[in-house]
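The values are calculated or read from the model by the stated rules, or taken from the named source; none is laboratory data. Remember, predicted model here, so these are calculated numbers, not experimental data. Because the Cβ atoms are built from the backbone with ideal geometry, glycine has one as well, and the counts that use them run over all protein chains shown. Accessible surface areas use protein heavy atoms only, side chains included; no ligands, DNA or RNA. Shrake-Rupley method; radii C 1.70, N 1.55, O 1.52, S 1.80 Å.
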Amino acid sequence: MTCQLNSEQLIVLVSGGGPVGMTFALSLSTMMKTHAKIYVYEGRWYADGDGKMKWQGEEQSRNRRDQVVTLQDHVIHQLPTFIQVGLFANINERVWPTSRNIPIREVEDRLLVLAEPFVESGQIVLVPENLNEKSDRLLNGQFDVLIGSDGVGSFVRNYCKIDLHRAANEYACGVAYNIPIEVSSDEEPLHQALNCILTIGQTRYLVNSSTSRRGYLNVRLTSDEYNELQEHLKRNERNERVNLLNFDKYPNSPVWTIIRQGLDYFKIPHKFVFRVLPIEINVQHATSVVKEFEFPLNNDTKTTKKIPVCLAGDAAMAVHFWPGRGMNSGMKAAMALSRNIARLFIQEDSSRIQIHKPLTYFDFLDYEDFMLRLRQREQHGRSLRITNNPIDESVLVANTFSNLNGSYEYYVGTLKEKLQSIRALLQNRPDWPHRHRLISDEEIQSASNRISANAVAQLSLANPWPTREMAGAEVLLEDYFPLEQKTWLPLPSTVTWIVPDHVQQSVARNKITTTDEPIPFIPIDYIVRPSDPIYAIWCTEIGGESFPVTPGYQIGQFPPDEGPQNIFDLNNQTKYFCYGKYAADHYFDEKAWFRAGFFVTPTRGITCALGFYFGTANDFPERDPMMITIEGSNETNPMIGSNWTLIYNGSSGLEIDPGRNSCGIEQHILNDKWFSTYRILVTKTRDESDGAQYSQFYFFGH
Ligand SMILES: Cc1cc2nc3c(=O)[nH]c(=O)nc-3n(C[C@H](O)[C@H](O)[C@H](O)COP(=O)(O)OP(=O)(O)OC[C@H]3O[C@@H](n4cnc5c(N)ncnc54)[C@H](O)[C@@H]3O)c2cc1C
């Protein structure tokens, strides 16, 4: 291999701007800065009047995707920090253990917004069209590597003649629903804890949703049911809303019956269904994810240029979505590939980025190796364990026996037992996110009461999720492309927050620095150490001076052994309790405790706060903080100064009582400012009370 050193840019073509393509582009841009120019092609984008790229939706007669995906913590933590924060700002839903749920369209929207500064700086070029054999950039060969992140039917994989191996195939459908906030009590959806138990207890239905209200009921189908569904939907107008209340159009035929039964099992009112999508599940993979391909230049087969091609995401390997690992694996692949490329050029001492060309197959051996392991883990370790047990047999047996006398009681009993054992398994897990919401026998029983004898039999006969067999060690990105890289890969240092008009919830926007200096990665960590100086205060106005609280048992005091030092001692059995009840002879107003709290000066030095969660105290839930403010200051004596900047005013994350001595939900702070001291004030407690108390305040940031 001849290795020519020069200062040129690396030109990267990416086909597909889905979750994997955009994660790859952002991750690579962050590391390579202006040394890489990345062209991302995506056929589902359009440029609006201002030239801004957006996803096509109903206005363009396209359907956005409705599914909710579950991203694993160990994958999220490998994403550059600004992507982590940008993806999950205002979306904080833990449904399954050690993971977070997020609607796929939020992933798509937010990644596009996060790319804006890179587009402004010219590092990323977004092209709102499909890459095809006539695309100019493909024909003129002016690129150094081609990335195929264009999904299951990958154009790149086909064009570059990379073979596909299909390991298994089966059928399903996605039933999209949206339950409004205001519904009658009998239309209220089930709690997510119950959705999980009902899902894991069998393999016919899977519900994954946001806040239980918007999501997908997935139904595994036999091939007959799938064919019936496809035939039926062919007769619908394009984008026609499915109306399950219309029995003339959607009769009680086998497939519509099994869909309606699934909705009843999860207590999803039929009228809130708006789309049903047939899904062919192909567990398949490209025989190689890296190839050197002879690209014919300008359609002339005699003039060719050899350029490496890499596949990532569903284009490289498609797994069964039941265990929810497609996007997780795709994002791992995107980060692995970007780290593989970056480390070809970034000098060991991180002092310089040196581009050398041409790239060859051998430059991507680590990536190929990583993908091989990942495929073995996901396909053999997960997907094939599902497809090895198709649904057909339980359907057949249920159809034969379910209506016989005595069978019904038997099937109801076995289904209940299965669900109870899943409940025990989940509720005993230390990482079960619904510890505060125990599921009763009645709730389990009522699921079978809502469905027909035949459906009870099917669910009773269907295997529960093979969770034990699927569990075990993950293939970790950091083992192949270690985290330590972050200490020398130049990641952006400044983060600014905006609320873009076309994304409904506020999302993060990253401003990159254009300097060529390597910027050290700053990890997220706890800000306060147990011995850091902390002062109890009360009656303190936002932006005003602080009023100290002394030890004692009177209004405006804290019991001597329940002082503020307890909240950072990493022990949830101790607490900080500040009395604040109104007393007639007291000159403070009756809401004095509303503004009780503390300020702390971390010995780490100045820090940038990004989030927190509370630990509740041992008793009196009414004293739990509900609303809080967080202010930052760089005053040398914060007790007398009033130079405070408000960085958070909102929920404590304890709206749902997690129980005593338990942790609340993590809250994010949209902040890019650095401070030496933080002041936290409780502005509302759960209920009327004689003060505010909590055991821990887990406070994290850079
Ligand atoms: C019902 C359901 C539930 C799921 N749940 C989960 C889950 O919980 N967890 C999980 O990890 N995964 C889940 N998945 C899988 C996950 O959605 C996919 O694995 C993931 O979307 C793959 O991302 P990708 O970017 O590789 O492909 P895609 O998301 O398919 O994106 C590919 C993009 O390429 C574009 N494209 C195609 N051809 C071209 C071309 N020629 N030029 C330019 N662009 C092109 C497409 O328009 C598309 O935007 C689920 C899937 C389904 C169907």
Q | Yes/no for Asn389 being at pLDDT below 80 and over 30 Å from Asn340 (Cβ atoms) | A | no
Q) Which of the residues belonging to the range 50-76 are without any contact (Cβ under 8 Å) to a residue 24 or more places away in the chain, touching a Phe, Trp or Tyr at 6+ places or on another chain (Cβ under 7 Å) and within 12 Å of the ligand (Cβ to nearest atom)? A) Gln56
Q: May I ask you to verify whether Gly664 is open to solvent by less than 30 Å² (accessible area, probe 1.4 Å) and at positive phi?
A: no
Q.
Taking the conditions exactly as written (part of a strand (DSSP E or B) and farther than 26 Å from Asn63 by Cα), does Glu280 satisfy them or not?
A. no
Q.
For the condition in contact with a helix residue (DSSP H, G or I) (Cβ under 6 Å, 6 or more places away or on another chain), closer than 27 Å to Ile665 by Cα and either of a type in the set (D, E, K, R) or touching a residue at least 24 places away in the same chain (Cβ under 8 Å) (or both), what is the one hit in Arg437, Arg429?
A. Arg437
Q.
Need the failing condition index for Val40 against (1) closer than 17 Å to Asn130 by Cα; (2) in contact with a Lys or Arg (Cβ under 6 Å, 6 or more places away or on another chain); (3) surrounded by 15 or more Cβ atoms within 10 Å (Cβ to Cβ), just the number.
A. (2)
Q: Could you grab me the full set of residues in the range 376-392 that are open to solvent by 40 Å² or more (accessible area, probe 1.4 Å) and out of contact with any Asp or Glu (no Cβ under 7 Å at 6 or more places or on another chain)?
A: Gln376, His380, Asn388, Asn389, Asp392
Q. Considering the range 127-143 alone, what residues qualify as being more than 11 Å from the ligand (Cβ to nearest atom) and either open to solvent by 20 Å² or more (accessible area, probe 1.4 Å) or assigned to a strand (DSSP E or B) (or both)?
A. Lys134, Asp136, Arg137, Leu139, Asn140, Gln142
Q | Listing of strands (runs of 3 or more DSSP E) fully contained in the range 617-702 that carry 3 or more residues being aromatic (Phe, Trp, Tyr) and modelled with pLDDT of 85 or more | A | 696-701
Q. So, of the residues in the range 287-322 that are among the acidic types (Asp, Glu) and in contact (Cβ under 8 Å) with a residue 60 or more places away in the chain, which turns out to be farthest from Leu13 (Cα to Cα)?
A. Asp314
Q) Residues Asn218, Asn246, Asn252, Asn239: which one is touching a Gly at 6+ places or on another chain (Cβ under 6 Å), assigned by TED's automatic domain parsing to the domain that holds Ser446 and not basic (Lys, Arg)? A) Asn218
Q.
Checking Pro19 against (1) more than 16 Å from the ligand (Cβ to nearest atom); (2) closer than 16 Å to Asp109 by Cα: exactly one of these is not met. Which one?
A. (1)
Q. Which members of the range 298-343 meet the condition of being open to solvent by 30 Å² or more (accessible area, probe 1.4 Å), more than 8 Å from the ligand (Cβ to nearest atom) and not in a helix (DSSP H, G or I)?
A. Asn298, Asn299, Asp300, Thr301, Lys302, Thr303, Thr304, Lys305, Lys306
Q. Considering the range 226-250 alone, what residues qualify as being over 32 Å from the mean Cα position of the chain (by Cα) and within 24 Å of Pro390 (Cβ to Cβ)?
A. Asn227, Glu228, Glu231, His232
Q) Can you pull out the residues in the range 77-90 that are in contact (Cβ under 8 Å) with a residue 12 or more places away in the chain and surrounded by fewer than 18 Cβ atoms within 10 Å (Cβ to Cβ)? A) Asn90
(Q) For Val95, only one of the following conditions fails: (1) touching a helix residue (DSSP H, G or I) at 6+ places or on another chain (Cβ under 6 Å); (2) without any contact (Cβ under 8 Å) to a residue 24 or more places away in the chain. What is its number? (A) (2)
Q. Looking at this structure, is Val152 under 30 Å from Phe295 (Cβ atoms) and either part of a loop (DSSP other than H, G, I, E, B) or touching a residue at least 40 places away in the same chain (Cβ under 8 Å) (or both)?
A. yes
Q: Might you let me know whether the range 108-120 holds any residue that is free of Cβ contacts under 8 Å to residues at least 60 places away in the same chain, out of contact with any Leu (no Cβ under 8 Å at 6 or more places or on another chain) and open to solvent by 20 Å² or more (accessible area, probe 1.4 Å)?
A: yes
Q: Scan the range 411-420 for residues that are touching a residue at least 40 places away in the same chain (Cβ under 8 Å) and surrounded by fewer than 17 Cβ atoms within 10 Å (Cβ to Cβ) and report the count.
A: 1
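Each row is one residue, and each column tells you yes or no for (1) open to solvent by 60 Å² or more (accessible area, probe 1.4 Å); (2) in contact with a Leu (Cβ under 9 Å, 6 or more places away or on another chain); (3) away from the ligand (no atom under 13 Å from the Cβ).
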{"residue": "Val152", "(1), (2), (3)": "yes, no, no"}
{"residue": "Val156", "(1), (2), (3)": "no, yes, no"}
{"residue": "Tyr159", "(1), (2), (3)": "no, yes, no"}
{"residue": "Leu164", "(1), (2), (3)": "yes, no, yes"}
{"residue": "Ile179", "(1), (2), (3)": "no, no, yes"}
{"residue": "Glu182", "(1), (2), (3)": "yes, no, yes"}
{"residue": "Ser185", "(1), (2), (3)": "yes, no, yes"}
{"residue": "Pro189", "(1), (2), (3)": "no, no, yes"}
Q.
Where the second residue is of a type in the set (Gly, Ala, Ser) and assigned to a loop (DSSP other than H, G, I, E, B) and the first is closer than 20 Å to Arg64 by Cβ and lies in the range 28-49, which pairs have Cβ atoms under 6 Å and are six or more apart or on separate chains?
A. Val40/Gly17; Glu42/Gly17
